[in-house]
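The values are calculated or read from the model by the stated rules, or taken from the named source; none is laboratory data. Since we're looking at a predicted model, the values are computed, not measured. Ideal geometry is used to build each Cβ from the backbone, glycine not excepted, and the neighbour counts take in all protein chains shown. The protein model used for the area step is the full one, side chains on, heavy atoms only, and it has no ligands, DNA or RNA in it. Shrake-Rupley method; radii C 1.70, N 1.55, O 1.52, S 1.80 Å.
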Amino acid sequence: MAAPCPEDPSLERHFKGHRDAVTCVDFSLNTKQLASGSMDSCLMVWHMKPQSRAYRFAGHKDAVTCVNFSPSGHLLASGSRDKTVRIWIPNVKGESTVFRAHTATVRSIHFCSDGQSFVTASDDKTVKVWSTHRQKFLFSLSQHINWVRCARFSPDGRLIVSASDDKTVKLWDKTSRECVHSYCEHGGFVTFVDFHPSGTCIAAGSMDNTVKVWDVRTHRLLQHYQLHSAAVNALSFHPSGNYLLTASSDSTLKILDLMEGRLLYTLHGHQGPATTVAFSRTGEYFASGGSDEQVMVWKSNFDVVDYGEVLKVPRPPAPLATSSGNLPDVDFPVPPGRGRSQESVQSQPQEPISMPQTLTSTLEHIVGQLDVLTQTVSILEQRLTLTEDKLKQCLENQQLIMQRTTP
């Protein structure tokens, strides 16, 4: 059978259910679920399987600003303008634990790769790290002097990167809790930052319309892209590390080839600002959300190398010059069969080397059940605390009544 040819990305599905701008999207580990948050204060969990009903989770009292699945996919964390974080079990019941995480809007939430902790960022100018079990506060990072829009763990969990309205990106050592470096090259508020899958570099998007890529070891600026005509709101690395996806207030999504330092595609799907983007864990799909209240799911198509092979060694982007020339512009929907060959895309699929499927499935199931069990215990503990508080209140009231009735 002939190897498949790379094609343009195609719009697979679009989900309608939010009643206000979509602020965040994230895929579960197995790509069976897609979560989205909105200014309408709700979370939606969409099923990639056709004709499946979505779950609507209501609990936050104000706009949902961020959402992230745990590495196992069995927990879902969300942050809100109501200053709280909720940890949900993403099933039909939609049970959650809630806690006040910050003194202002929670802008960002991200699980560590081991699932044991998560990091939050807030308009209160702090970055906080919490344990997943019981949502216990661990420590705070507080050198930013303006709102912190985004915070992410490195793939190995040793570093944290944060982006702020103070126009800086800060790199932190998780163990020492020290700021390792501040990147000050952006000319506007830094809206989003993330680690390359190799962990060797970071990319940040800004309200100055640019995307910058730095090496976290030498702190050198590797790449600078000035391709959007408005603020860059979000970005996502392809798991192979070869591509970067961006979303902008100019209503477009752009796919950058990091190996060649050039733009591959400009995608027009949203009416108004594109607010959020995320690749699936395999890179086969990506999702986008916008102020048009829509969630869109796209099939990547441009990277036809086998996933198992690609993920072995994600390569860091090459140090290249700035990029802003005349580049391919794709309008959607794409007519079937239309494809543009890209030299940088490999087209020979290779056999992945992996554990037996049954063993992988069993281990995933065990990890998932442990996550759910931990969360259920956490929910029960929270309910028990509430019951104890009520009981204490009742006893105090009873004592007051007794005192009043005693002559």
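In table form, for the structure just shown:
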quantity: Intensity falloff of region 167-316 expressed as log10 I(q)/I(0), Debye formula with alpha-carbon point scatterers, at q = 0.10, 0.11, 0.18 Å⁻¹; calculated: -0.33, -0.41, -1.06
quantity: Fraction of accessible area attributable to carbon and sulfur, region 1-98 (%, probe 1.4 Å); calculated: 50 percent
quantity: Estimated FRET transfer efficiency when R0 is 25 angstrom, pair GLN271-GLN51 (beta carbons, to 0.05); calculated: 0.45
quantity: Gain on full stretching of the segment that runs from ARG217 to LYS61 - 0.36 nm per residue minus C-alpha separation; calculated: 52.0 nm
quantity: Extension gain, GLN398 back to GLU95 (0.36 nm per residue minus Cα-Cα distance, nm); calculated: 105.8 nm
quantity: Semi-axes of the equivalent ellipsoid for region 60-174, Cα gyration tensor, largest first, Å; calculated: 22, 17, 11
quantity: For LEU159, distant residues with modelled amide H under 5 Å away; calculated: SER154, LYS174
quantity: Pairwise Lys count, region 30-94 - Cα closer than 21 Å, eight or more residues apart or different chains; calculated: 5
quantity: Inter-site label distance for PHE137 and LYS299 at 7 Å from Cα along Cβ, in nm; calculated: 4.9 nm
quantity: Angstrom value of the Kirkwood radius, inverse mean 1/r, which spans all Cα pairs in region 10-299; calculated: 18.5 Å
quantity: Gain on full stretching of the segment that runs from THR31 to ALA230 - 0.36 nm per residue minus C-alpha separation; calculated: 68.6 nm
